[in-house]
Amino acid sequence: MSTADNAARVQAIRESMNRFGGTVRIMEVCGTHTHVIGRAGLRTLLPENLELISGPGCPVCVTAQRDIEMILALAALPGVTLCTFGDMIRVPGYRSSLERERAQGADVRVVYSPLDAVEMARANPTLKIVFPGIGFETTAPAVGVAVERARDWGLKNFWCLSLHKRVVPVMRAVLDAPVSLDGFLTPGHVSLILGAEVFAPLAEQHALPCVATGFTPRDVLEGIAMLLNMHESGESGSRVQYVRAIRPGGNIRAQEIMDAVFEHGPAEWRGLGVIPDSGL
């Protein structure tokens, strides 16, 4: 999409905000949306009375410090091979990181899929493979498949430390706090798995609009425009901007895998504390 098209979207948003006169506060829940907004300089382009508030953030960002320390402690255990995604390697603990532990002799390996860790466990039965599962509902199904595969193969040397988080409970926690919001840009990738309908009860309970949005500047601007239209008309509920990817009901097979493998429980979020029912 051309710069001119996005400029037209910005102008349409400005015109909407001129009609409101007051301040509208929108929270982008997803860290990728925050990254897109910052990289594209959208805050500098949009009117001052439209506030974009960064929400909980990316899965690594919301991982509690004690969970980081637990991962580092596991990596340091004799005989343990810790398999992880690359984005965890340089995450700092209080005194170390996986990169530093590896430099000091720990067996830390980067994998591109949880199934790579399961394959490694199958091929090396003397290794103790530990995979820390970090992510929202977007990545949890793939980890669930890995757990099912390890079970089906009868592996006794594969463990998953599940630190997965659930998006709707943290949104509920945000709304229960003394924060004034007029709408949410909801994560497109989570909506692809769960379906955007999952946000509707929360939106209707709090009389707020939610729009499941993609991850380009155009997507974000269109999502904001949709939110403003809903806000202006007094409409609450959940709508979809990211129609090229999200389908009604989401990915049913992925939901079945999560239901079969994981249980809901409390989870600790960095900066937010323990939130009931927000973990897998």
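Having 2 or more residues that are in contact (Cβ under 8 Å) with a residue 12 or more places away in the chain, over 21 Å from residue 28 (Cα atoms) and in contact with a helix residue (DSSP H, G or I) (Cβ under 7 Å, 6 or more places away or on another chain) is the bar; report the helices (runs of 4 or more DSSP H) wholly within region 130-248 that clear it.
On the way: elements: 140-152, 167-176, 188-194, 200-205, 217-233.
Counting at least 2 such residues, we get 140-152.
Residue-by-condition table, conditions (1) in contact (Cβ under 8 Å) with a residue 12 or more places away in the chain; (2) surrounded by fewer than 19 Cβ atoms within 10 Å (Cβ to Cβ); (3) within 28 Å of residue 28 (Cα to Cα):
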position	(1), (2), (3)
55	yes, no, yes
69	yes, yes, no
101	yes, no, no
105	no, yes, no
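Scanning for something open to solvent by 30 Å² or more (accessible area, probe 1.4 Å), farther than 25 Å from residue 59 by Cβ and of a type outside the set (Phe, Trp, Tyr), does region 256-263 turn up at least one residue?
no
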Take residue 116 and tell me if it is under 16 Å from residue 142 (Cα atoms), in a helix (DSSP H, G or I), open to solvent by 50 Å² or more (accessible area, probe 1.4 Å) and not aliphatic (A, V, I, L, M).
yes
Residue match in region 184-207 (condition: charged (D, E, K, R) and either closer than 15 Å to residue 46 by Cβ or open to solvent by less than 70 Å² (accessible area, probe 1.4 Å) (or both))
no
If you go through region 168-180 one residue at a time, how many are under 23 Å from residue 219 (Cβ atoms) and either open to solvent by 40 Å² or more (accessible area, probe 1.4 Å) or modelled with pLDDT under 95 (or both)?
1
Going through region 135-167 one residue at a time, which ones are open to solvent by 20 Å² or more (accessible area, probe 1.4 Å) and within 19 Å of residue 266 (Cβ to Cβ)?
136, 160, 161, 162, 166
Out of the residues in region 268-277 meeting the condition of being under 15 Å from residue 58 (Cα atoms) and not in a loop (DSSP other than H, G, I, E, B), tell me which one is farthest from the chain's Cα centre (by Cα).
268
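The values are calculated or read from the model by the stated rules, or taken from the named source; none is laboratory data. This one's a predicted model, so the numbers in the text were calculated from it and none came from an experiment. Ideal geometry is used to build each Cβ from the backbone, glycine not excepted, and the neighbour counts take in all protein chains shown. We work out accessible area using only protein heavy atoms, side chains counted, and drop any ligands, DNA or RNA first. Shrake-Rupley method; radii C 1.70, N 1.55, O 1.52, S 1.80 Å.
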